1. For the list (1) touching a Lys or Arg at 6+ places or on another chain (Cβ under 8 Å); (2) charged (D, E, K, R); (3) free of Cβ contacts under 8 Å to residues at least 24 places away in the same chain, I need the number of the one condition that residue 254 fails.
2. Is it the case, given these coordinates, that residue 300 is over 28 Å from the mean Cα position of the chain (by Cα), modelled with pLDDT of 95 or more and hydrophobic (A, V, I, L, M, F, W, C)?
3. Find the residue count for the stretch 101-153, including only residues that are in a helix (DSSP H, G or I) and crowded, with 24+ Cβ neighbours inside 10 Å.
4. Check off (1) outside any helix (DSSP H, G or I); (2) in contact (Cβ under 8 Å) with a residue 60 or more places away in the chain; (3) touching a strand residue (DSSP E or B) at 6+ places or on another chain (Cβ under 8 Å) for residue 84 and give me the number that stays unchecked.
5. Any residue at all in the stretch 236-248 that's under 21 Å from residue 385 (Cβ atoms), among the β-branched types (Val, Ile, Thr) and surrounded by fewer than 19 Cβ atoms within 10 Å (Cβ to Cβ)?
6. If I filter the stretch 3-49 down to residues being in contact (Cβ under 8 Å) with a residue 40 or more places away in the chain and part of a loop (DSSP other than H, G, I, E, B), which single residue comes out as surrounded by the most Cβ atoms within 10 Å (Cβ to Cβ)?
7. Considering every residue within the stretch 382-392, establish whether at least one is touching a His at 6+ places or on another chain (Cβ under 8 Å), modelled with pLDDT of 95 or more, outside the structural domain of residue 34 (by TED's automatic domain parsing) and surrounded by 20 or more Cβ atoms within 10 Å (Cβ to Cβ).
8. Test of understanding: among 154, 84, which residue is farther than 19 Å from residue 321 by Cβ and among the small types (Gly, Ala, Ser)?
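The values are calculated or read from the model by the stated rules, or taken from the named source; none is laboratory data. Just so it is clear, the model here is predicted, and its values are computed rather than measured. Reconstructed Cβ throughout: ideal geometry from the backbone, glycine too, with neighbour counts over all protein chains shown.
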Amino acid sequence: MTQLSYKSANELAKMILDKEITSSELLEYFIKRVENYNPSINAIIIKNYDEARKRARQLDEKLQKGEILGALHGVPMTVKESYGLKNTPTTYGRTDLKDNIVKEDALSIQRLKNSGAVIFGKTNVPFNLADFQSYNDIYGTTNNPWNLTKAPGGSSGGSAAALAAGLTGYETGSDIGGSIRNPAHFCGVFGHKPTWGLLPPRGHALPGYLAQSDLTVIGPLGRSAKDLETGVLIMGGPDEIQSAGLKMDLQRSEKKDLKEYKIAAWVNDDIAPVNQEVQKRVLKVAKTISDAGGEVNFQARPDFDVLQAMDTYQSLLLPTMASRTSDDEYNLLKEKLSKLDPNDTSESAYTLRKQTSSLRDYNNANNDRTHLRWKWHEFFKKYDALITPIMATEAFDHNHLNYGERTIMVDNDERPYFEQVFWAGIAIASYLPSTVIPTGLTEEGLPIGIQIIGHEYGDLKTIGLAKLLEKEGYNFIPPSNYPD
């Protein structure tokens, strides 16, 4: 029998509706686990216990009267620190924002609450949400529950770590460079990066920001594929400003069996090599599909130059990330640019030029992106999904060196730290949905996930394939060192 702390959000919701447990009892259960295990993991960094207890009692009373708010009625959960949660800080891990107490809930938080969720805390992030780790000068370092010497991923590392350790019932994240999918992979949980714009991000922002970056998305993390579907359906749909003319009407896959699928598999790439263990997991998933009677093509790719596509993604990503810097920080970047040797072709010079690029450059990159989107559109007329790695390796050791000094070891090859963003960028640059599923543990006991990419607005289809694969054993495995 699955330990209570490791049940999915949907299972917990059913237990509450079936009156096997109350929301208040379940909340106290998770609070006890947080107080017991969180000090070593440091995933949940803001606690909202009093407000959560009050809400859980109210939801229990409603249920006694036969009132059910929605799919998450009474389920205790936490949310990523960057989401606006009324009367709590939203800092993005920045000390200059440590006193930024938000006055209202983000739209996605409102929708989660309207579905019955009980939010009792917030989880850790890296500085400016810009790392494959989750540490900052306000809240400290989050550790991977599978091995405390390893990073949990980023930027939704606290979210994934809290889920993996059974400290919460459900979680939210955001993704611009793998920030949902990387932590899901490192911690062995499910995560979904939605089609851009499908889940309105209002309230997931730095102070004063209402405009949505044309790369950033918000999305769910959970201990089952069905939990991802639940989150998309709850948080998705147009914001008020679009609702007069738009509605969400996602199509589910009509396929009921793996034998009906025709997929492409992108196992490795010289642009961003992945280690042998990660490659084996992509091959394993592909074999599961082919053994079931499905068709797998290992050579199929969209009809574009991959290097140019990666440059397009960086041309969009790097100036977007630079927009999060302070005026002084950005002026320093421009000063460095003015002193840069025109013949400098180093990675740092490339990054600096992209960070300080012009609106004209950005518009040209957006045009290139639109060409990519149409190429993907044609590709997914032939294939139901594409499976790929999401990162080059399993979780690595904590590394708090300056960004430019970091590298990662891919087998015996030392590679640039941010090179691995290539795998995240495949989906991000072209607005595509991507679902990460766990594939089991390495010999060292670390999880590995792979991503399932689909066509724009094919979110329920990638999650649908994840649900079928979950039945074949690609499911959440709980770590053994956090018992009740």
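1. (1)
2. So residue 300 fails the test.
3. The qualifying residues number 3.
4. So the condition that residue 84 fails would be (3).
5. no
6. Looking at the filtered set, the residue picked out is 43.
7. Checking the stretch 382-392: at least one residue is touching a His at 6+ places or on another chain (Cβ under 8 Å), modelled with pLDDT of 95 or more, outside the structural domain of residue 34 (by TED's automatic domain parsing) and surrounded by 20 or more Cβ atoms within 10 Å (Cβ to Cβ).
8. Testing whether each residue is farther than 19 Å from residue 321 by Cβ and among the small types (Gly, Ala, Ser) leaves just 84.
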